[in-house]
1. Could you give the size of the charge dipole of the chain about its Cα centre, using +1 on the Cβ of each K and R and -1 on the Cβ of each D and E, expressed in debye and rounded to the nearest 20?
2. Loop-only check: which trypsin sites (Lys or Arg not before Pro) in segment 46-103 are DSSP coil with at most 12 other Cβ within 10 angstrom?
3. Would you mind working out the accessible area per residue for segment 33-85, using a 1.4 Å probe, and quoting it in Å²?
4. Return the long-range amide H neighbours of Ile141 (sequence gap of 5 or more, or a different chain), with a cut-off of under 5 Å between placed amide H atoms.
5. Ranking request for peptides 199-207, 68-76, 21-29, 39-47: highest mean number of other beta-carbon atoms within 10 Å first, then the rest in descending order.
6. Taking +1 at the Cβ of each Lys and Arg and -1 at the Cβ of each Asp and Glu, which of Gln175, Ala123, Val144 sits farthest along the dipole of segment 101-208 towards its positive end, judged by Cα position relative to the Cα centre?
7. With Cβ to Cβ distances under 14 Å as the rule, what net charge do the other residues near Tyr73 carry (K, R +1; D, E -1)?
8. Treating the beta-carbon of each Lys and Arg as +1 and of each Asp and Glu as -1, no other charges, what is the dipole magnitude of segment 191-251 about its Cα centre, to the nearest 20 debye?
Amino acid sequence: TPISSLAAKPLNFGIVPQQSAEKLARQWMPILQYISKEIGQEVRFATKSSIPLFEKELSKGSYDITYMNPYHYTVFSQSNGYIAIAKAKNKKIKGVIVVKKESDISTVQELEGKKLAFPSPDAFAASILSQSFLAQNNIDIEPVYVRSHDSVYHNIAQGNFVAGGGIYRTLNAMQPEVSDKLTVLWESKGYTPHAIAVGPHVSKDLRKRIQQAITSLENVQPELLSPLKIKGFEQAKDSDWNDVRLLFAEE
């Protein structure tokens, strides 16, 4: 049993803004309430209106617990001492390039010279993986950053852009009237997915209890995970992201 649970100050859980704050809160709040109950300490939802603003918070070490993309994890585990405790189970993250279903574009080569929508420069799979693939294949595009994954999908569905970058998880979590209009033109190879990590100031005991709560979700309340399109979280360790580190070491 948690000892001075009333005295313990709330923990903030920062979620990378791949989607709108409202949508993220809907998806994550029940999970954070579950963790709060399990560890006997309040866990509060936190995010920012854009990925660059979220990165600023990470660089200040603002979050006690955080869900961040694989690239962020390789950066902020080093600069700010964030420690990975969990990741989505049996899952690799892939970048995808999506186009409208009735689009006349059927190959990535046809994107040459076009404006493409992306969430933000440092969105790992949605921007970094897809743009480096295009660059390696000498396909010259003009990236336009529209803040969130959802905004990328909306913009393509509405015909504002011919194509854009995303990932399967956020595409599958889109409302059908948008996602039904889209199709995947290209996918990257798979990498270790987003990290759930804690700040270095979080005690080892608390870290263990948070990890236990997160990894127990799928057995106790799996329905809380379905809005995230994640089957479960498993324990993770720092070296799990070496595949991502390697990718940047090659540059």
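The values are calculated or read from the model by the stated rules, or taken from the named source; none is laboratory data. For clarity, every value in this text was computed on a predicted model and none was experimentally measured. Note that each Cβ is placed from the backbone with ideal geometry, even for glycine, and that neighbours are counted across all protein chains shown. Surface accessibility is based on the protein's heavy atoms, side chains included, excluding ligands, DNA and RNA. Shrake-Rupley method; radii C 1.70, N 1.55, O 1.52, S 1.80 Å.
1. On the way: 29 positive and 26 negative charges, 154 e Å.
Around 740 debye, computed over the chain.
2. Taking segment 46-103 and a limit of 12 other Cβ atoms within 10 Å, the loop trypsin sites (Lys or Arg not before Pro) found are Lys60, Lys101.
3. On the way: 2090 Å² over 53 residues.
Per-residue accessible area for segment 33-85 comes out at 40 Å².
4. HN-HN under 5 Å from Ile141: Gly113.
5. Numbers: 199-207: 13.7, 68-76: 24.3, 21-29: 16.0, 39-47: 19.1.
Highest to lowest by the protection proxy: 68-76, 39-47, 21-29, 199-207.
6. My answer, from the dipole projection, is Ala123.
7. Numbers: positive: Lys87, Lys237, Arg245; negative: Glu55, Asp122, Asp238, Asp240, Asp243.
After counting each charged neighbour, the total is -2.
8. Details: 8 positive and 9 negative charges, 67 e Å.
I would put it at about 320 debye.
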